[in-house]
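Asks: I am attaching a structure below and will ask some questions about it afterwards.
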Amino acid sequence: MSLAYQAVGWNRQKKIYDACLAIGVVLYLTLFMVVGVLWFPHITAETLLLRGFGSAALVLLHFILYIGPAARLFPVLLPLLYNRRHMGVTMFFLALVHAVLALLQFHLGGDQFPLVSLLTSNGDYDSFFQFPFQLLGAFGLAVLFLMAATSHDFWLANLTAPVWKALHMLVYVAYVALILHVVLGYLQNHQAPVTQFLLVGGVWLLLMLHGLAGWREWRKDREARAEDGWVYVADVAEIRENRARIVCVAGERIAVFKYDGKVSAMSNVCQHQNGPLGEGKIVDGCVTCPWHGYQYRPHDGSSPAPFTEKIPTFKAKVTAGKVYVDPTPLPPGTPVAPALIGEGAEVTA
Amino acid sequence: MKQDHDEFYVGYLPKAPARIGAIVRLTVLLLMGLAAVVAFLTVREQRDIATALFEFGVQREFEGVIALKPYPMLRVQRPGVVSGESAPFSRYLLVAPFKFGADELVAPFDGRRVRLKGSLIYRDNKTMIELAGADAITEIGEGVADASLSFGEVTMSGEIVDSKCFLGVMNPGELKTHRACAVRCISGGIPPVLVVRGRDGTAYYLLLVDRQMGQVNQAVLSMVAQPVKITGELVRRDDWWVLKADPGQYELL
């Protein structure tokens with residue numbers, strides 16, 4: 001939760017997360033370098049570093065992209081999402097090392113300025129197979145830079161979550177460019193069937209995870225219709241204690257929570273990174289986002305003091321054991337008295 | 001107090017719930033194992049690494065006769081070869097540091113016997129010397145006459161590479177991933193070479209020149225690192241093959 005900005009709001013979980021990340025990166029690079037030197041004594045240090053850092057960045061990018069849909073399919077994996085931005089920034093620096101090494105090795109020390117050489121050395125822009133793959137890599141790196149540079153909550157708050165989220169969805173554009181960078185570069189150059197298989201497998205797994213997560217969400221998202229101004233959500237018994245049922249009305253998701261014999265409804269969208277609040281839980285009396293733990297009071301959609309986040313709230317009612325919600329959003333932070341779950345009674349809030 | 005069995009992870013709390021923590025730990029270990037396997041399998045496929053070497057930082061002394069045209073070379077007498085036998089000289093290509101040819105450094109010594117300092121670059125049976133700097137060459141005497149031997153018109157297919165990287169400065173120093181660098185090198189004066197592969201994979205090297213034995217560096221830039229077919233006159237100078245052809249007649253395959 002944010003109050004004042006600092007470089008990193010460290011806590012024990014983040015330290016564990018980053019330690020695992022560092023161990024993984026060091027393990028990958030060490031293995032790549034050691035095996036490379038032992039197996040190919042004639043390989044140059046530049047080539048080994050170039051390929052080691054490049055492939056490490058690509059592997060990490062795949063892991064980063066897997067985490068989102070995997071956590072939607074298996075919420076138990078949500079801790080992997082918690083500090084994913086550090087993984088993203090690490091991946092950017094791995095890619096940056098790869099790019100700088102390539103620029104120095106292939107373009108420095110010649111008769112043109114290296115960046116000019118990057119743009120002009122291969123002029124086959126009209127050919128798919130001869131296309132200068134370096135530019136695809138440079139484009140991907142530029143997008144990754146944009147994302148790494150704006151990864152802090154400062155930018156998230158100032159750009160607003162929807163803009164920030166749209167910006168960070170560009171990672172998929174970068175991903176396509178980087179896959180093409182590898183296919184039209186390294187893989188076009190020489191026979192590497194296992195690497196080809198790994199890359200195809202990596203892309204396939206990503207598509208599968210997104211496809212499955214999207215399909216499951218689409219099934220859940222069957223549009224509900226309002227009757228007499230109220231939308232049926234679920235039977236009271238179908239909603240677990242301190243958990244929510246999500247209902248989709250006119251394209252907007254509403255999270256309806258059951259807790260302490262009461263029902264409250266609010267927007268499903270966390271103000272922080274647009275996380276799905278309806279997949280969260282009420283902890284210490286507050287709706288808690290499953291992504292980063294941002295909290296909102298169920299009766300007014302406001303974060304507890306001293307935090308200032310607010311989300312839209314909705315009226316809810318319980319009639320004959322059935323929960324309904326009024327799909328008209330109230331301004332963010334509007335207090336709404338919770339609907340009481342009274343046996344057989346009609347309670348409106 | 002009633003125990004809550006509905007586990008939920010909150011990152012800023014000191015500890016993850018037991019079941020979630022166990023599953024995530026197992027997943028992290030699996031991901032690390034997967035990364036290690038990927039690293040191993042990927043690095044094992046660096047099959048484009050040639051047996052070539054650049055003695056970076058190691059300077060040796062050489063003695064021989066400078067031949068400036070078509071590209072700077074040092075003609076070194078082969079030990080044990082007596083006059084009258086074929087190819088009594090080996091030719092070492094001469095280049096400047098970085099991505100530049102050695103024409104300017106070598107020009108004052110054309111046809112003269114010299115002693116020079118530089119770093120060796122070698123692959124297969126071809127050798128190149130990267131000169132140590134502007135004062136790397138010292139004249140020590142008279143040279144010997146240079147001559148070419150023609151083998152008539154031939155057609156060869158292969159890849160145009162920059163000889164410096166291909167012979168060992170970069171490894172791999174060929175094909176598309178190296179194209180940009182090869183263009184820079186050849187544009188800077190590094191001798192362009194047509195590498196022709198035999199059926200058994202053996203590489204044959206042909207220095208590319210025009211019909212007048214002039215350099216073709218700027219004319220071949222658009223065809224570097226691509227399959228190309230060249231018809232021209234095959235000439236031998238000591239132990240180097242030279243292909244004399246008009247770059248305008250090169251065919252991209």
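Asks: Using label points projected 7 Å from each Cα along Cα→Cβ, tell me how many nm separate residue A:241 and residue A:125, to one decimal.
Replies: 6.6
Asks: Next question, about the same structure. For each pair in A:322/B:15; A:165/A:258; A:262/A:310; B:99/B:176; A:220/A:258; A:281/A:315, compute the distance between the two Cα atoms and list the pairs where it is over 27 Å.
Replies: A:322/B:15; A:165/A:258
Asks: Please turn the phi angles of region A:31-43 into ³J(HN,Hα) values with the Karplus equation 6.51 cos²θ - 1.76 cosθ + 1.60 (θ = phi - 60°), one per residue in order, whole Hz, x for glycine and proline.
Replies: Taking θ as phi minus 60°, the curve returns 4, 4, 5, 5, 4, x, 5, 5, 7, 10, x, 8, 5 Hz for region A:31-43.
Asks: Could you work out how much longer the chain between residue A:15 and residue A:169 gets when fully extended? Use 0.36 nm per residue separation minus the Cα distance between them, nm to one decimal.
Replies: Once the chain is fully extended between residue A:15 and residue A:169, it gains 52.8 nm.
Asks: I would also like to ask the following. If the only charges are +1 at each Lys and Arg Cβ and -1 at each Asp and Glu Cβ, what is the size of the charge dipole of region A:226-348 around the Cα centre, to the nearest 20 debye?
Replies: 220
Asks: Say R0 is 60 Å: what FRET efficiency, to the nearest 0.05, do residue A:45 and residue A:157 get from their beta-carbon distance?
Replies: That gives a FRET efficiency of 0.85.
Asks: Please list A:216, B:236 in order of solvent-accessible area, largest first, computed with a 1.4 Å probe with all protein chains present.
Replies: These residues rank, largest area first, as A:216, B:236.
Asks: Using only the heavy atoms of the protein chains and a 1.4 Å probe, how would B:166, A:106 rank by accessible area, largest first?
Replies: Putting B:166, A:106 in descending order of accessible area: A:106, B:166.
Asks: Let me ask another. What size of dipole, in debye to the nearest 20, comes out for the protein assembly as shown about its Cα centre when the only charges are +1 on Lys and Arg C-beta atoms and -1 on Asp and Glu C-beta atoms?
Replies: 1320
Asks: Among B:58, B:95, B:106, which one shows the highest mean-square fluctuation when chain B is modelled as a Gaussian network with alpha-carbon springs under 10 Å?
Replies: B:58
Asks: Counting only GluC sites (Glu not before Pro) that are in a DSSP loop and have at most 16 other C-beta atoms within 10 Å, tell me the longest site-free stretch of chain A.
Replies: Counting at most 16 other Cβ atoms within 10 Å as exposed, the longest clean stretch of chain A is A:1-222.
Asks: In debye, nearest 20: dipole of region B:29-151 around its Cα centre with unit charges on the Cβ of K, R (+) and D, E (-)?
Replies: So the magnitude is around 260 debye.
Asks: Once both axes come from the Cα atoms, what is the angle between helix B:18-43 and the longest principal axis of chain B, in degrees from 0 to 90, rounded to 10?
Replies: So the inclination is approximately 10 degrees.
The values are calculated or read from the model by the stated rules, or taken from the named source; none is laboratory data. Here the structure is a predicted model, which means the values were calculated and not measured. Neighbour counts are summed over all protein chains in view; Cβ atoms, including those assigned to glycine, are modelled from backbone coordinates with ideal geometry. Just so you know, the surface numbers come from the protein's heavy atoms only, side chains and all, with ligands and any DNA or RNA stripped out. Shrake-Rupley method; radii C 1.70, N 1.55, O 1.52, S 1.80 Å.
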